[in-house]
1. Do you know which residues across the stretch 47-74 are more than 14 Å from ALA99 (Cα to Cα) and over 19 Å from the mean Cα position of the chain (by Cα)?
2. Quick check on this structure: which one of ILE186, ILE138, ILE168, ILE190 is of a type in the set (Val, Ile, Thr), surrounded by fewer than 12 Cβ atoms within 10 Å (Cβ to Cβ) and not assigned by TED's automatic domain parsing to the domain that holds PRO77?
3. Name the strands (runs of 3 or more DSSP E) wholly inside the stretch 186-233 in which the number of residues that are touching a Gly at 6+ places or on another chain (Cβ under 9 Å) and not charged (D, E, K, R) is 1 or more.
4. Can you tell me which of (1) touching a residue at least 60 places away in the same chain (Cβ under 8 Å); (2) within 30 Å of ARG167 (Cβ to Cβ); (3) small (Gly, Ala, Ser) is the one ALA99 doesn't meet?
5. Against the condition surrounded by 12 or more Cβ atoms within 10 Å (Cβ to Cβ), free of Cβ contacts under 8 Å to residues at least 24 places away in the same chain and small (Gly, Ala, Ser), how does SER117 come out, does it pass?
6. Might you let me know whether the stretch 174-183 holds any residue that is part of a loop (DSSP other than H, G, I, E, B), of a type in the set (Phe, Trp, Tyr) and surrounded by 15 or more Cβ atoms within 10 Å (Cβ to Cβ)?
7. Anything in the stretch 160-182 that is in contact (Cβ under 8 Å) with a residue 40 or more places away in the chain and within 26 Å of GLN225 (Cβ to Cβ)? List them, or say none.
8. Could you look through the stretch 23-39, keep only residues that are without any contact (Cβ under 8 Å) to a residue 24 or more places away in the chain and surrounded by fewer than 17 Cβ atoms within 10 Å (Cβ to Cβ), and pick out the one that is farthest from GLY210 (Cα to Cα)?
Amino acid sequence: MRIAIVDDEEAEIHELKKMLMHFADIQRLNISCDCFLDGTAFLAAVSPGRYDMVFMDIYMEKTNGIETALKMRRLCPDCCLIFLTSSQEHMAQAFPCHAFDYLIKPLEPVQLTRTLSDFLRIFPENQQYLNLSVGRQIIPVLYSHLEYICTDANYCIVQAQEQYRCRIPFNKLKSTLEKDMRFCTINRGILVNLDYVDTMENLVCWMKNGVSFPMNTKKKTELKQILINYRFNIRRKQFVRR
């Protein structure tokens, strides 16, 4: 699980990171933390699928946590956002950011444990991963980091945080990933993660990173409806969580 901590107090970052690692040891989770002292630095580093969870301080000298979170949402609509603050007065402003929780400082371990446990129970899909055979290595890649897969002769090009070229049948990956509602085959030999799709217009599927793919002509209406339904269901789940 990849986590970002955005807080202008280094001592509080250190304490939160220590509690996160303690929870990870107990739950036998693989957690990595990136830490940022202001929202500007965080926004410069964030990208779709990079983080599963973000802890965001609201009161920061250089940037406001609410404004930073709203900008983050344009890139990461489904990342779990948790606000940290010393006051409850901004709770109403946090709603448009689709925050998963709103924790009051000083943070107690029991508060954090409850929130993390809720996250793991409600979002089990965030722990799913794919083992890719690349050369002589087996590389695990989280579903949430997979952007698209396309065929290349007898290989598959897998785009995640890095790009991999794997000797594996496309249909094998397709049958595995299409069990998850995030993944959709838009044309022969092209499968995309809908979280990373920007638009589907004029028979072209544009990804958020600027890459484009041709869509199946006969299924263009069906594919656009799949994207619409997926985004509606995501928004509905976010509303329920609030």
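1. Correct list: TYR59, MET60, GLU61, LYS62, THR63, ASN64.
2. Details: ILE186 fails: surrounded by fewer than 12 Cβ atoms within 10 Å (Cβ to Cβ); ILE168 fails: surrounded by fewer than 12 Cβ atoms within 10 Å (Cβ to Cβ); ILE190 fails: surrounded by fewer than 12 Cβ atoms within 10 Å (Cβ to Cβ).
ILE138 is the lone residue from the list that is of a type in the set (Val, Ile, Thr), surrounded by fewer than 12 Cβ atoms within 10 Å (Cβ to Cβ) and not assigned by TED's automatic domain parsing to the domain that holds PRO77.
3. Working: elements: 190-193, 197-201, 204-207, 212-214.
Answer list for the stretch 186-233: 190-193.
4. In the conditions (1) touching a residue at least 60 places away in the same chain (Cβ under 8 Å); (2) within 30 Å of ARG167 (Cβ to Cβ); (3) small (Gly, Ala, Ser), ALA99 misses (2) alone.
5. It is true that SER117 is surrounded by 12 or more Cβ atoms within 10 Å (Cβ to Cβ), free of Cβ contacts under 8 Å to residues at least 24 places away in the same chain and small (Gly, Ala, Ser).
6. In the first step, residues of the stretch 174-183 are kept if they are part of a loop (DSSP other than H, G, I, E, B); the result is 178-182.
From what's left, of a type in the set (Phe, Trp, Tyr): none.
No, the stretch 174-183 has no match at all.
7. LEU173, THR176, LEU177, ASP180, MET181, ARG182
8. Step one: filter the stretch 23-39 for residues without any contact (Cβ under 8 Å) to a residue 24 or more places away in the chain, giving 24-26, 28.
Subsequent filtering for residues that are surrounded by fewer than 17 Cβ atoms within 10 Å (Cβ to Cβ) retains 25-26, 28.
Numbers: ASP25: 39, ILE26: 40, ARG28: 37 Å.
It comes out as ILE26.
The values are calculated or read from the model by the stated rules, or taken from the named source; none is laboratory data. Bear in mind that the values here come from a model prediction, so they are computed numbers and not experimental data. Cβ coordinates were reconstructed from backbone atoms using ideal geometry, including for glycine residues, and neighbour counts include every protein chain displayed.
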